[in-house]
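S.K.: Here it is, the structure in full.
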Amino acid sequence: MSVPQKRCVQVLNEALHEIFASRADVYLFGEDILDPYGGAFKVTQGLSDGYPDRVFTTPISEASLFGVAAGMALRGQRPILEVMFGDFIALGFDQVVNGISKFREMYDDQVMVPLVVRTPMGGRRGYGPTHSQSLEKLLLGIPNICVVAASECHDLRALLTHAVEDDGPVFFIENKLMYGRVNRRPDDGHIGELAVRESSGPYPALTFSGTNFAEASATVVTYGGMVPVVLDAVTGLILEHEIFCEVVALSQLLPMGLDAVYESVGRTGALVTAEEGTLTGGFGAEIAARVQAAAWSDLRAPVQRVAARDGIIPSARPLEDAMLPSVHDVVEAIAALEGVRQ
């Protein structure tokens, strides 16, 4: 008998309840997280009722919240800070860049900063320019932090548990559209019609294949909210054109481990990067630079990049759709690769 699938928000909420039940050193801070509201996206529902002495609603003061969380972590607690929208992490950047990311090295490994920053990123909900961005790329240049991007196909419970157990600062990125979707996990080595391999480690990569990891035309590397977009694109290429691609869905964006990407590019010889953040200076640029340095001989064509246009994200749905990367954009990038079979 198959186990009923749960929505991603349910899985994350259950994971938080399990973490609070098993660890007395975990505290939660955030805006509007108290019951009955339970946070803007309801991930924290039930926690303030169950653990009233360890869940704190806060003023709108992100810079202060990062500082409080850092102080608690330095004192041996494991705080979880919920930032209501990922756009607001910029308000805490001084604390992150000049404190949280540096304390351990500055004090010669005599202190740890085991804190988790949970925050939703992404558009496609009509929230407009200041509540719809994907700002992961701003974090990728900061040493000594870990950036984890959850997707609907990863083991969300395990990802969040590992993040809390990590002895360093972890940014845990949750795509907004993911919350209402089913947490799809491999069943007999497949998700849908695609074969799936999962790498080892606390924050694994998932590699999808329509040929059971035999010959394929290209590798698409992506993360977070772009995972379902890319999977729709490659599934459409299989059904409509018999073009087969592999997809590597990363969960750990920093420190950047690309073994699964190198392995896939070794089979396919071509690479597309796909992200919801803006194009210039993005995740895809770093991936392209590293793959071209490490696997140049495997590539038969320049790396193609898919990303949001450089600009603001409008509130109007047609304009938002035009700004953000789509299934069509992924298909066009794959088709543009020299040597793709038509």
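The values are calculated or read from the model by the stated rules, or taken from the named source; none is laboratory data. Please read all numbers here as calculations on a predicted model, not as lab measurements. Note that each Cβ is placed from the backbone with ideal geometry, even for glycine, and that neighbours are counted across all protein chains shown. Accessible surface is based on the protein model in full, side chains and every heavy atom, while ligands, DNA and RNA are left aside. Shrake-Rupley method; radii C 1.70, N 1.55, O 1.52, S 1.80 Å.
S.K.: Choose one of Asn183, Ser251, Ser132: the residue whose Cα lies farthest towards the positive end of the charge dipole of the chain (beta-carbon charges +1 Lys, Arg; -1 Asp, Glu; about the Cα centre).
M.R.: Ser132
S.K.: Tell me the label-point distance for the pair Ala63, His241, using the 7 Å Cα-to-Cβ offset, in nm and rounded to one decimal.
M.R.: For the pair Ala63/His241, the computed spacing is 4.9 nm.
S.K.: Quote the relative contact order of the stretch 140-223 in percent (integer), defining contacts as alpha-carbon pairs under 8 Å separated by 6+ residues.
M.R.: RCO, the stretch 140-223: 27 percent.
S.K.: Let me ask another. Tell me which lysines have Cα within less than 20 Å of Lys42's Cα, excluding those fewer than 8 residues away on the same chain?
M.R.: Lys6, Lys176
S.K.: Shifting gears a bit: Between Asn144 and Asp232, what FRET efficiency comes out of the Förster formula 1/(1 + (r/R0)^6) with R0 = 35 Å and r the beta carbon distance, rounded to 0.05?
M.R.: Rounded to the nearest 0.05, the efficiency is 0.45.
S.K.: Could you sort the peptides 82-95, 113-126, 175-188 by per-residue average Cβ neighbour count (10 Å cutoff), highest mean leading?
M.R.: Order by mean packing, descending: 113-126, 82-95, 175-188.
S.K.: Right, next: Taking the full set of protein chains and a 1.4 angstrom probe, give the accessible area of Leu239 in square angstrom, rounded to the nearest 10.
M.R.: Ignoring ligands and nucleic acids, Leu239 comes out at about 140 Å².
S.K.: If you don't mind, another one. With all protein chains present, calculate the accessible area of Lys42 using a 1.4 Å probe and round the result to the nearest 10 Å².
M.R.: In the full protein context, Lys42 sits at about 70 Å².
S.K.: Quick one: compute the contact order of the stretch 1-45, relative version, from alpha carbon pairs under 8 angstrom and 6+ residues apart, as a percent.
M.R.: The value is 36 percent.
S.K.: Okay, moving on. Over the alpha carbons of the chain, what is the largest minus smallest coordinate on each principal axis, giving the biggest first in Å?
M.R.: So the extents along the principal axes, rounded to whole Å, are 61, 49, 41.
S.K.: State, to one decimal in nm, how far the label point of Arg309 lies from the label point of His190, with both points 7 Å from Cα in the Cβ direction.
M.R.: Label at Arg309, label at His190, 4.0 nm between them.
S.K.: Right, here's the next one. Name the GluC sites (Glu not before Pro) in the stretch 160-253 that are in a loop by DSSP and that have at most 12 other C-beta atoms within 10 Å, would you?
M.R.: Answer by residue number: Glu193, Glu215, Glu242.
S.K.: In terms of the Cα gyration tensor, with a ≥ b ≥ c the square roots of its eigenvalues, is the stretch 8-179 rounded because a/c is under 1.5, prolate because a/b exceeds b/c, or oblate?
M.R.: rounded
S.K.: Still on this model: Under a 5 Å amide H to amide H cut-off, with H placed in plane at 1.01 Å, what residues pair with Arg181 once short-range neighbours are removed?
M.R.: Residues meeting the amide H criterion: Cys8, Val9.
S.K.: Calculate the dipole size of the chain relative to its Cα centre from +1 charges on Lys and Arg beta carbons and -1 charges on Asp and Glu beta carbons; express the result in debye to the nearest 20.
M.R.: Charge dipole of the chain: 220 debye, to the nearest 20.
S.K.: Given a 1.4 angstrom probe, I'd like the percentage of the accessible area of the stretch 190-336 that is carbon and sulfur, rounded to a whole number.
M.R.: Carbon and sulfur together cover 53 percent of it.
S.K.: Of Ala285, Tyr51, Pro302, whose Cα points farthest to the positive end of the dipole of the chain (charges on the beta-carbon: +1 Lys, Arg; -1 Asp, Glu; origin at the Cα centre)?
M.R.: Of the candidates, Tyr51 comes out farthest on the positive side.
S.K.: Quickly estimate the mean residue ellipticity at 222 nm for the chain, helices only: each DSSP H run with n ≥ 4 gives -39500 (n - 2.57), and the total goes over all residues, rounded to 500.
M.R.: Result for the chain, helices only: -9000 deg cm²/dmol.
S.K.: Rounded, prolate or oblate: which fits the stretch 101-140 when a ≥ b ≥ c are the square roots of the eigenvalues of the alpha-carbon gyration tensor, with rounded for a/c under 1.5 and prolate only if a/b beats b/c?
M.R.: It comes out prolate by the Cα gyration axes.
S.K.: Further, regarding this structure: Cross-link candidates for Lys102: which aspartates and glutamates have Cα within less than 18 Å, leaving aside residues fewer than 8 places away along the same chain?
M.R.: Reachable aspartates and glutamates: Asp94, Asp166, Asp167.
S.K.: Then there is this: Are there trypsin sites (Lys or Arg not before Pro) in the stretch 242-342 that DSSP puts in a loop and that have at most 16 other Cβ atoms within 10 Å, and which ones?
M.R.: Hits after loop and neighbour filter: Arg300, Arg309, Arg341.
S.K.: With only Lys, Arg, Asp and Glu charged, each at its Cβ (+1 for the first two, -1 for the last two), find how big the charge dipole of the stretch 1-109 is about the Cα centre; round to the nearest 20 debye.
M.R.: 260 debye
S.K.: Quick one: net charge around Leu254, please, counting Lys, Arg +1 and Asp, Glu -1 for every other residue with C-beta under 12 Å from its C-beta.
M.R.: Residues close to Leu254 contribute a combined charge of -1.
S.K.: What list of ³J(HN,Hα) values in whole Hz, one per residue of the stretch 69-84 in order, does the Karplus curve 6.51 cos²θ - 1.76 cosθ + 1.60 (θ = phi - 60°) give from phi, with Gly and Pro shown as x?
M.R.: After applying 6.51 cos²θ - 1.76 cosθ + 1.60, I find 4, 5, x, 5, 5, 5, 8, x, 8, 10, x, 10, 9, 9, 9, 3 Hz.
S.K.: If you don't mind, another one. May I ask what percent, to the nearest 5, of DSSP beta bridges between residues of the chain are antiparallel?
M.R.: Antiparallel bridges make up about 30 percent of those DSSP assigns within the chain.
S.K.: What residues qualify as long-range amide H neighbours of Val147, i.e. H under 5 Å apart, gap of 5 or more or another chain, H built at 1.01 Å from N?
M.R.: HN-HN under 5 Å from Val147: Phe171, Leu253, Leu254.
S.K.: Quick one: order Glu152, Glu286 from most to least accessible surface, probe 1.4 Å.
M.R.: Solvent-accessible surface, decreasing: Glu286, Glu152.
S.K.: Separate question: Taking 1 over the mean of 1/r across every pair of different Cα atoms in the stretch 110-262, what Kirkwood radius in Å do you get?
M.R.: 16.3 Å
S.K.: Oh, and also: With a point put 7 Å past each Cα toward its Cβ, work out how far Phe56 is from Ala316 in nm, to one decimal.
M.R.: 4.5 nm
S.K.: Compute the separation of the alpha-carbon centres of the stretch 101-126 and the stretch 1-80 and state it in Å as a whole number.
M.R.: Value for the Cα centre distance between the two parts: 15 Å.
S.K.: What is the set of long-range amide H partners of Cys245 at a cut-off below 5 Å, with H atoms built 1.01 Å from backbone N?
M.R.: Distant-sequence amide H within range of Cys245: Gly210, Ser217.
S.K.: Give a residue-ordered list of calculated ³J(HN,Hα) values for the stretch 237-251 (Karplus: 6.51 cos²θ - 1.76 cosθ + 1.60, θ = phi - 60°; whole Hz; x for Gly, Pro).
M.R.: Residue by residue, the stretch 237-251 yields 5, 5, 6, 9, 10, 6, 9, 10, 10, 9, 10, 10, 9, 7, 10 Hz.
S.K.: Let me ask something additional. Based on the Cα gyration tensor of the stretch 190-336, what are the three equivalent ellipsoid semi-axes, each the root of five times an eigenvalue, rounded to whole Å and given largest first?
M.R.: Working from the Cα gyration tensor, I get semi-axes of 23, 18, 15 Å.
S.K.: Now a separate question. What percent do you get for the relative contact order of the chain when only Cα pairs under 8 Å and 6+ apart count?
M.R.: 15 percent
S.K.: Further, regarding this structure: Give the accessible surface of the stretch 8-179 per residue, rounded to a whole number of Å², with probe radius 1.4 Å and ligands, DNA and RNA excluded.
M.R.: Each residue of the stretch 8-179 exposes 38 Å² on average to a 1.4 Å probe.
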